[in-house]
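Engineer: Could you have a look at this structure, given as structure tokens, before my questions?
The values are calculated or read from the model by the stated rules, or taken from the named source; none is laboratory data. Please read all numbers here as calculations on a predicted model, not as lab measurements. In this analysis, Cβ positions are derived from the backbone assuming ideal geometry, glycine residues included, and neighbour counts consider all displayed protein chains.
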Amino acid sequence: MSAVAAQPLSRLVLEMNESATIKMAQMARDLKAKGHDVIDLSLGEPDFDTPAHIKEAAKQALDAGFTKYTPVPGLVELRQAIINKFKRDNGLDFALNQIVVSNGAKQTIANLCLAILDPGDEVIIFAPYWVSYAEIVRMCQAVPVEVGAGIEQDFKVSAEQVASAITDKTKIVLFSSPCNPTGSVYSKEELEAIAEVIAPHEQIVIISDEIYEYINFTGKHASIGAVPSVKNRTVTVNGFAKGYAMTGWRLGYMGGPAYLAAACAKIQGQFTSGANAFSQKAAAFALEADMTPTWKMRDEFLQRRNIVIELLEKIPGFIVNKPEGAFYVFPDISHYFGKSDGNVTIHTADDFCEFLLLNAHVGVVGGDSFGAPDCFRISYAASEESLRKAIGRIAEAVKKLN
Ligand code: PMP
Ligand code: GLU
């Protein structure tokens, strides 16, 4: 594609793929607007409201005049609360100049990639991966190198796989645990093994996206940044969107080497400046407040996961994983490739999801954009009633495919 004179667009935007999660959510909204009863399980967003005590803290901050610009890396009060959180939950030690608060973990990851990557550099991304990783890397003219794990290895890559993907051009290793889109959780031992193969390569920064940390059903969250051999080269990314149901507040953060924090703040200072003042005040409060609402949400997600798995496993041709965290399930539906309802033939997971949207009025996202073309993602951050109804409809719709 090339830009025409009347529409002067950059190569960067022309070559960029739209976020598949956001695109699918929009398609579901459009169909809903036409009067259809659509159940949208496409977007990864808790269906719970932000806990009342956090909203109250934001209201108080507004009344107290927290309506101005903030320091680019974040309010000192929030950064201090983040330092305490990293120490308490993750065994990580940071100073104030190692923390940067952004408008969401998405911006944090973009800052980091812009700060580290030159054109042609390679980024090892564990696949299945969250849709924006590969696009952000490409935006930096760097090369995403996918290291893939199928459902048979619980979608978790091994240290050997990582070792064989490392080259002299590798600058970043990027992954999430608990993982979006699979819900897989890397154990401490698995992370130690991965750290061991990365450790000798001093040019590599590890970006560990732990935004689903609090939605973990194993009771054990491990941070690769706590492994001594890679401690000084790991950036731990987190945010408020998932664990505190604060998606719309737009707040994420990182803790990592001071030189990278400074670089990210420099970039952010030219793009967006400091994040929202009263959101930051509320977030500082949230980190040190009672976590009961978060654990209640986690327990609710676990119950829903069990229901969703049980129902999906009954659908012929579905191979269903057992996620240990986040709020996604990621079944393999390659059984349906080549099958048709007499009208359309399913060639890809994206075809399958479009078929479900049109025939079952259920919004889900194809695995193609997650680097896993045999699977699709269901976000079960919805009521039990909606989930039962949606899966019932999916089961009916796929009967048409022969
Ligand atoms: N990382 C992962 C794995 C995610 O699923 C999301 C979801 N949006 C993000 C980062 C970005 O989070 P935020 O809303 O804080 O930008
Ligand atoms: N992270 C969520 C998801 O995967 C929100 C949408 C997005 O930012 O991509 O669906």
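Engineer: From G183, G219, grab the single residue that is buried (at least 22 other Cβ atoms within 10 Å of the Cβ) and either among the small types (G, A, S) or without any contact (Cβ under 8 Å) to a residue 24 or more places away in the chain (or both).
Structural biologist: G183
Engineer: For region 209-240, enumerate the residues that are within 16 Å of ligand 2 (Cβ to nearest atom) and small (G, A, S).
Structural biologist: Within region 209-240, the first condition is being within 16 Å of ligand 2 (Cβ to nearest atom), and the residues that meet it are 209-215, 237-240.
Selection gives G239 alone.
Engineer: Taking region 5-40 as the region of interest, how many residues are part of a loop (DSSP other than H, G, I, E, B) and under 18 Å from S132 (Cα atoms)?
Structural biologist: Taking region 5-40 and keeping what is part of a loop (DSSP other than H, G, I, E, B), we get 5-10, 16-19, 34-38.
Filter again for under 18 Å from S132 (Cα atoms), leaving 16-19.
Counting residues in region 5-40 that are part of a loop (DSSP other than H, G, I, E, B) and under 18 Å from S132 (Cα atoms) gives 4.
Engineer: With respect to D47, determine if the residue is within 16 Å of ligand 2 (Cβ to nearest atom) and either out of contact with any Leu (no Cβ under 7 Å at 6 or more places or on another chain) or farther than 21 Å from A275 by Cβ (or both). Let's see the steps before the verdict.
Structural biologist: Details: within 16 Å of ligand 2 (Cβ to nearest atom): yes; either out of contact with any Leu (no Cβ under 7 Å at 6 or more places or on another chain) or farther than 21 Å from A275 by Cβ (or both): yes.
The answer is yes for D47.
Engineer: When you go through A372, A397 one by one, which is the residue that is of a type in the set (A, V, I, L, M), free of Cβ contacts under 8 Å to residues at least 60 places away in the same chain and either assigned to a helix (DSSP H, G or I) or buried (at least 21 other Cβ atoms within 10 Å of the Cβ) (or both)? Steps first, answer last, please.
Structural biologist: Numbers: A372 fails: free of Cβ contacts under 8 Å to residues at least 60 places away in the same chain.
Of A372, A397, the one residue that is of a type in the set (A, V, I, L, M), free of Cβ contacts under 8 Å to residues at least 60 places away in the same chain and either assigned to a helix (DSSP H, G or I) or buried (at least 21 other Cβ atoms within 10 Å of the Cβ) (or both) is A397.
Engineer: Among the residues of region 24-37, are any touching a helix residue (DSSP H, G or I) at 6+ places or on another chain (Cβ under 6 Å), under 18 Å from C353 (Cβ atoms) and charged (D, E, K, R)?
Structural biologist: no
Engineer: If you don't mind, there's one more thing I want to ask. Given (1) closer than 28 Å to D168 by Cβ; (2) surrounded by fewer than 23 Cβ atoms within 10 Å (Cβ to Cβ); (3) within 16 Å of ligand 1 (Cβ to nearest atom), where does L260 come up short, assuming only one miss?
Structural biologist: (3)
Engineer: Would you pick out the residues in region 247-259 that are under 29 Å from P46 (Cβ atoms) and touching a strand residue (DSSP E or B) at 6+ places or on another chain (Cβ under 8 Å)?
Structural biologist: Just the residues of region 247-259 that are under 29 Å from P46 (Cβ atoms), to begin with: 247-256.
Answer for region 247-259, where residues must be under 29 Å from P46 (Cβ atoms) and touching a strand residue (DSSP E or B) at 6+ places or on another chain (Cβ under 8 Å): L251, G252, Y253, M254, G255, G256.
Engineer: Please go through region 74-94 and give me each residue that is within 11 Å of Q280 (Cβ to Cβ) and not in a helix (DSSP H, G or I), ordered by number.
Structural biologist: Result: G74, L75.
Engineer: Across region 288-331, what is the number of residues that are over 20 Å from S176 (Cα atoms) and surrounded by 23 or more Cβ atoms within 10 Å (Cβ to Cβ)?
Structural biologist: So the answer is 1.
Engineer: Checking the condition modelled with pLDDT of 95 or more and surrounded by fewer than 19 Cβ atoms within 10 Å (Cβ to Cβ), which residue from A110, A193, A127 passes?
Structural biologist: Numbers: A110 fails: surrounded by fewer than 19 Cβ atoms within 10 Å (Cβ to Cβ); A127 fails: surrounded by fewer than 19 Cβ atoms within 10 Å (Cβ to Cβ).
Going through A110, A193, A127 in turn, the sole match is A193.
Engineer: Taking L287 as the residue in question, decide whether it is touching a residue at least 24 places away in the same chain (Cβ under 8 Å), closer than 20 Å to K242 by Cβ and more than 16 Å from ligand 2 (Cβ to nearest atom). Full working, then the answer.
Structural biologist: Working: touching a residue at least 24 places away in the same chain (Cβ under 8 Å): yes; closer than 20 Å to K242 by Cβ: yes; more than 16 Å from ligand 2 (Cβ to nearest atom): yes.
Criteria met by L287.
Engineer: Give region 274-287 a look and list any residue that's small (G, A, S) and either surrounded by fewer than 21 Cβ atoms within 10 Å (Cβ to Cβ) or part of a helix (DSSP H, G or I) (or both), or say none. Step through it out loud before you land on a result.
Structural biologist: Of region 274-287, the ones small (G, A, S) are 274-275, 277, 279, 282-284, 286.
Correct list: A277, S279, A282, A283, A284, A286.
Engineer: Can you tell me which of L78, L62, L14 is more than 16 Å from ligand 2 (Cβ to nearest atom) and at pLDDT below 95?
Structural biologist: Numbers: L78 fails: at pLDDT below 95; L62 fails: at pLDDT below 95.
Going through L78, L62, L14 in turn, the sole match is L14.
Engineer: What is the residue count in region 305-351 for residues that are within 19 Å of A390 (Cα to Cα), among the polar types (S, T, N, Q) and in contact (Cβ under 8 Å) with a residue 24 or more places away in the chain?
Structural biologist: 1
Engineer: Continuing with the same structure: Residues to consider are K23, K87; find the one that is free of Cβ contacts under 8 Å to residues at least 12 places away in the same chain and over 30 Å from L260 (Cβ atoms). Please lay out each step first, then the result.
Structural biologist: On the way: K87 fails: over 30 Å from L260 (Cβ atoms).
When all the criteria are applied, what remains is K23.
Engineer: Give the residues of region 247-257 that are within 16 Å of ligand 2 (Cβ to nearest atom), surrounded by 24 or more Cβ atoms within 10 Å (Cβ to Cβ) and over 14 Å from K85 (Cβ atoms), sorted by residue number.
Structural biologist: Matches in region 247-257: W249 only.
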